[in-house]
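Data first, discussion second: the structure below is written as structure tokens.
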Amino acid sequence: MIENKVCVVTGAGRGIGLTVVKELLKMGNTVCACSKRESKYLVELSKAKSNPNSSLYIYQFDVTDYQEAKNAIQSIWRESSRIDILINCVGAPHGSLFSMTKVDDLKNIFDINYFSLLYLSQLVARLMSRNKSGVICNISSSSSFRYDPGTLVYGSSKAALNFATKVLARELGDSGIRVNAVAPGVTKTDMLDKMDPNAIEQQVSQSSLKMIADPLQISSVILFLCSNEASHITGQVLQVDGGL
Ligand SMILES: NC(=O)c1ccc[n+]([C@@H]2O[C@H](COP(=O)([O-])OP(=O)(O)OC[C@H]3O[C@@H](n4cnc5c(N)ncnc54)[C@H](OP(=O)(O)O)[C@@H]3O)[C@@H](O)[C@H]2O)c1
């Protein structure tokens, strides 16, 4: 259970991030939901209060623009004077064989899936450390552990994120900040529309449970890692993939 916290969620316009936002609002938290485009789902949520103790603030920016990201975090800090939880759900898929991979795509995917999470975490951790407490949860991927052909760019951006999660946990522990990651397997969101159906089928059939996850099955683990129940867990990359 998470209550009365100020939570920043990126990639919040749809999919796993949106599910996390909904759950945090139900529990009674202040949620700063960050998306790139206007999200009709977030607009709807802002009109319907699910808990009298919850508030939703919507921020729209492209995470690959450092200055825009910095402005958003500063604005959240000015409004709330506190950030307790940062959940980095932002992410973009990519699939192509190495020989066909364009350098621009390589850089763009790393900008979205890795560099943006690093500087957002740095901006937020500096503020969290003033209060000597905070939690960061990154969303990685089962692809970071599988080494399937065609997944070099996406998988390595997430593998870099796993590494960063563990180093940041070591560096930020003294400041009372925990850093973990969740690595989902195939999960039913819009992202599946951009993935190779054969790759989806292969991952699902190779898993022990042989099922596509519902975003709630991922968000529940993210929220557990951000809660006090997980107060002694840091530096972990938890695979939530139906047993791949
Ligand atoms: N779905 C899966 O099977 C799966 C499996 C493993 C890992 N994951 C990871 O889980 C996380 C959430 O994915 P999802 O399935 O919920 O995907 P999704 O439905 O496609 O959502 C991705 C979110 O990231 C945002 N985003 C992308 N590029 C952005 C940018 N440059 N600036 C700001 N926001 C940006 C999108 O914003 P807009 O809505 O504005 O476009 C969207 O809200 C990602 O990190 C993904 O890699 C997903």
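Grab the beta carbon distance between S80 and N108, set R0 = 25 Å, and tell me the FRET efficiency rounded to 0.05. Efficiency at R0 = 25 Å is approximately 0.20.
Of the solvent-accessible surface of the range 179-244, computed with a 1.4 Å probe over protein heavy atoms with every protein chain present, carbon and sulfur atoms account for 54 percent. With protein chains left intact and a 1.4 Å probe, residues in the chain average 50 Å² of accessible area per residue.
Under 18 Å from a label point set 7 Å out along the Cα-to-Cβ vector of R146, the amide N atoms of the range 87-105 belong to 91-98.
Between helix 215-226 and the chain there is an angle of about 50 degrees, using the helix long axis and the longest principal axis of the Cα atoms.
Exposed loop sites are taken as GluC sites (Glu not before Pro) in a DSSP loop (any state but H, G, I, E or B) with at most 14 other beta carbon atoms within 10 Å; the longest stretch of the chain without one runs 39-244. Pairs over the 21 Å Cα-Cα cut-off, from the set K132/K166; K188/K210; K107/K194; K49/K70; K158/K188: K49/K70.
Other residues lying with their Cβ under 15 Å from the Cβ of Q74 contribute a combined charge of +2, Lys and Arg counting +1, Asp and Glu -1.
Close amide H partners of I87, meaning residues 5 or more places away or on another chain with modelled amide H under 5 Å apart, are V8, V9, T10, C137. Of the solvent-accessible surface of the range 1-46, computed with a 1.4 Å probe over protein heavy atoms with every protein chain present, carbon and sulfur atoms account for 45 percent. The string of couplings for the range 69-85 from the Karplus curve (6.51, -1.76, 1.60, θ = phi - 60°) is 5, 5, 4, 5, 5, 5, 5, 4, 5, 4, 6, 10, 6, 6, 9, 8, 9 Hz, one whole number per residue in order, with x for Gly and Pro.
May I ask for the distance between the Cα centers of the range 88-148 and the range 183-244, given as a whole number of Å? That distance is 16 Å. When each of the peptides 99-108, 188-197 is scored by the mean number of other C-beta atoms lying within 10 Å of its residues, the order from highest to lowest reads 188-197, 99-108. Over the chain, all Cα pairs binned in 10 Å intervals from 0 give whole-percent P(r) values of 8, 33, 38, 18, 3, 0, listed from short to long. Once both axes come from the Cα atoms, what is the angle between helix 152-172 and the longest principal axis of the chain, in degrees from 0 to 90, rounded to 10? Roughly 40 degrees, rounded to the nearest 10.
Modelled label positions at L209 and K26, each set 7 Å beyond Cα in the direction of Cβ, lie 1.7 nm from each other.
The values are calculated or read from the model by the stated rules, or taken from the named source; none is laboratory data. The shown structure was predicted, so the numbers you read here are calculated from the model rather than taken from an experiment. FYI the Cβ positions are ideal-geometry reconstructions off the backbone, even for glycines, and counts take in every protein chain you see. Just the protein is used for accessible areas: all its heavy atoms, side chains included, with ligands, DNA and RNA removed. Shrake-Rupley method; radii C 1.70, N 1.55, O 1.52, S 1.80 Å.
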